1. For a quick check, take a GNM of chain C with Cα springs below 10 Å and name the residue from C:Ile291, C:Ile358, C:Ile368 with the largest mean-square fluctuation.
2. Report the local net charge at D:Lys163: Lys and Arg +1, Asp and Glu -1, summed over other residues whose C-beta lies under 11 Å from its C-beta.
3. Placing unit charges on C-beta atoms (Lys and Arg positive, Asp and Glu negative, everything else neutral), compute the dipole magnitude of segment C:3-249 about its Cα centre in debye, rounded to 20.
4. Checking the a/c ratio against 1.5 first, then a/b against b/c, what shape does the Cα gyration tensor give for segment A:2-186?
5. Loop-only check: which GluC sites (Glu not before Pro) in segment C:126-216 are DSSP coil with at most 14 other Cβ within 10 angstrom?
6. Across 5 Å bins from the origin, how do the percents of Cα pairs in segment D:112-157 run, short distances first?
7. Normalise the Cα radius of gyration of the protein assembly as shown by 2.2 N^0.38 Å (N = residues in it) and let me know the number.
8. What is the local net charge at C:Ile238, summed over the other residues whose Cβ is closer than 10 Å to its Cβ (Lys, Arg +1; Asp, Glu -1)?
Amino acid sequence: MFIEVSWLGRGGQGAVTASRLLARALAKEGMWAQAIVFFGAERRGAPVFAYNRISDKPIKYHHFVYKADVMVVFEQTLLDLTDGYKRLKDDAMIIINYAGDITKSRLRMNTYKIAKVDATSIVLDLGLLVAGIPVINTAMVGAFARAMGMPSIDSIVTAILETWPGKIGELNAEAAKRAYNETEIIKK
Amino acid sequence: MSKSEEHLLLPISHPTKGAGGKTGTWRVFKPVIIEEKCIKCMMCWMYCPDAAIEVSSRQEVPRVNYDYCKGCLICYEVCPVKAIRKEREV
Amino acid sequence: MAIYDVITGNDAAAWGARLSKVEVIAAYPITPQTTIVEKLAEWVEKGELNAKFIAVESEHSAMAAVIGASAAGVRAFTATSSQGLLYMIEMVSWAVGARTPVVMAIVNRALGPPWNIWSEHTDALMTRDTGWIQFWAANNQEVMDSIIQAYRVAEDKKVLLPAMVMLGGFVLSHTAMPVKIHDQNKVDQYLSPYEPPHYVLNPKISEAFAYGNILFPWDYAKVRLSIEKAMRNAVDVIKRAAKEFHEIFGIWHGDLIKEVNTDDAEIVIFALGAVAEQAEATLEVLRRNGIKVGVAKIRVFRPFPKEEIAKIADKASHVIVIDRDISFGWDGILAGEVKATLHEYKVDTPVTTKIMGIGGDDILPEHIEKAVKEVIKK
Amino acid sequence: MPKTILDELIEAGEYLLPGHTACPGCGSVIALRHVLKALGKDTILVIPASCSSVYQAIYPKVSINVMIYNVAFASAAAVASGISQALERKGFEDVNVVVWGGDGGLIDIGAASVSGAAERNENIFVICYDNEAYMNTGIQRSGSTPPGARTTTTPIGKIVGFKKPMAYIMLMHGVPYVATANVAYPTDLYEKVKKAKSIKGFKFIHIFTPCPPGWRFDDSKTIEVARLAVETGYWILWQAEYRHGRIHFELSPPSRPYLDASKRKPIEEFLKFQGRFSKITEESVKKLREWIEYQWSIAKRFLDMSAQK
């Protein structure tokens, strides 16, 4: 098994942390996962890339992901803004934070497998905001688990609680669980 | 140094009197303390840059250690009672 | 029991220092090194690490302070990158003559201008001639383990020289991957507390002495020669340190070199750090295509493993050296060392040199494959 | 008979051993003798490149009988910080870690590390012997060279710049103890170092130490020149402690009369002995007079601040 994941978010939304959480949760299940970050001159709101490389044996590659098997998109404008489609393999899966009817989105529904979750509503409901920005990263990790069938939501919850002990951890764990339950997988 | 210590030759120096040699040879003039005039105020001792004027208590007349006195004559200048005279050496 | 975690290279470096029970840390922030010392500062403040953290005003002072601390008899640590390393370089060189076995992590980053925060090896390679032992880590586990090994080697009474551990900026420093965090008792078994056998700057312990006052040329030459002897002693000490590390922790990163598929290789790639591991990853694909390639990961750049390199190159029909660095007007820096070594050992295997990945430009498997295929066409 | 400071100085013994290699009449070594008497055996001198890295003599011997660590020019206060922290970590808190350097090493190139150590309130002494130029490399101007002084890099006399008021600068860091001293007043110096020794934290002492070859005067005149610096008001002797948000500043006895400008000798008395000022222009003398006034106006302000309840 060898899966490459791209996270496409905005500065402040926690894409980097999401990729690290995912790697940590996968490691708990004996998987080998890298979490890679491209640091540029990020500012809050600007597009941010993070990546995962996942395998069942140690990975020795040390470069960025250019053609992802899975792309987690924090909002659809980012796909247009960053030429996101060019960074996808032909049969890739897009996991997207989207409110409302996905068929009305600009997504190329016929080309890619799509998984959809309204993460923004979940975190607004839970009051998960940092500096006024809804932080949807943990919810999107939950969505990833549902869409990809790995890791288990339990491993994700454990990884979250290890990262933020206490109230913040519990809220984030709740966000991940709700997203896990609410993610819809739309076949092409 | 044994073979096994050759990798550890350290630039360490040990405190030694006369580390710079007999600096008394630098002199042109030498200070001479006139015992009978000395009031044991210790000014000469106090201001000697070379620690070349020796005394072990206030009851003594200081002695010049000519091995190391460089002949700067600060002592001659600071003596309040002119109890030090200078003598040409070279 | 060892804890198995997914951490960045910088966290791994901090863990290496923590498990080595460093007693004084002095550091100045610089991207991409900063999170190493942030982590250590956090542990010190929380009381998880019983050490003094000196938040100095410059890298020059960071190295100065760790030299002072080490001279006074404690295990000291610092970390830097790029411009910071260059700003510190006077004291980097000083640490060698001072015979202070400090360990420093260097997160390799390109030099400005223009500003560039990404990976390149030129910074650390510019310290090549200072007399530091240089470890180049290829992954985060090796970062942590090399720091522990570095203290063991640096403090060995046959060596007593400072050691640096390199990790690629972002490529390792900010990339999280699984790392086995060792059990403290096992590390304690491997690495005894620092007891300087040569001198301790403490009037309560030692008689008064002066370290480093002026010394005439004939004596100076002897003192510098003793550094060269210590560096040569380091070869065996590094091998033993790696071997015992393997015995205790079951992990083998190689000693001065780690050879991968070199036995039957027609083409051998030499490289440093994560670049070498990237080449290792590419091997699989090439071998599947019937191309017999091997990789020699140069893990220790000083002392330079000349004999090992000559042997490996002698067996192969072609050598490729990949440098993520450049010596302007010459070639890659590692390439120069390899070529000189082969000349010294009268090995006439042809050498192709490739400079790639400058300023963080990504080194992709296809770049390495292309380099190999070019050699085959020749 | 009660013990006097003089008895104490005699009993303290000598840590500066005769046969060192300082120039005849060197002001710096006179100061070092008394500093070491006050500090005693449990002392580590951290010495940056300076005259004292040379006058301690040549390997394998040394003329100073306390522990010495020679370090690179700009690094002294940082090295001392590392030593001090290491000793504290090991439980040796009663060792004096002392930077002993010149104006070049501590006021110019090493000023950042001195300032950094002060800001962190490291438990160290920084003692600067000020001979007002880079003497070790052959008399080049420093940030501490006064206006009008000739050096090899100010061949017609320093025109650009004043004299960096390092002790005031250190005082503004809010460190526990700052003092100025002068080789002509060794008991004052001795008492200041002893006082500093009783204080934990960062201590800065700035000592005026004439240099016969560098300032071009007769070897025997070191003390006279140094004393004239005080009597003309050019060098002000004071000490200050910073405690709980307040500076306790006091003029030292030798300088007290000169708070009254009319009591000061004319600056020409100080200048005339020294070859470095032999061609000083009237303009530079005026600048010096203004500079002296300015230094006193700062001292007065600190005195007023200390007097306020």
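Rule-based calculations on the coordinates, nothing more; no lab input. Predicted model, so just to flag it, every value in this text is computed and none were measured. So basically every Cβ, Gly included, is an ideal-geometry build from the backbone, and we count neighbours across all protein chains shown.
1. C:Ile291
2. +1
3. 580 debye
4. Rounded shape, in that the Cα axes give a/c under 1.5.
5. Sparse-neighbourhood loop GluC sites (Glu not before Pro): C:Glu207.
6. Calculated over all Cα pairs of segment D:112-157, the distribution is 6, 20, 21, 14, 13, 14, 9, 4, 0 percent.
7. 1.13
8. The answer is +2.
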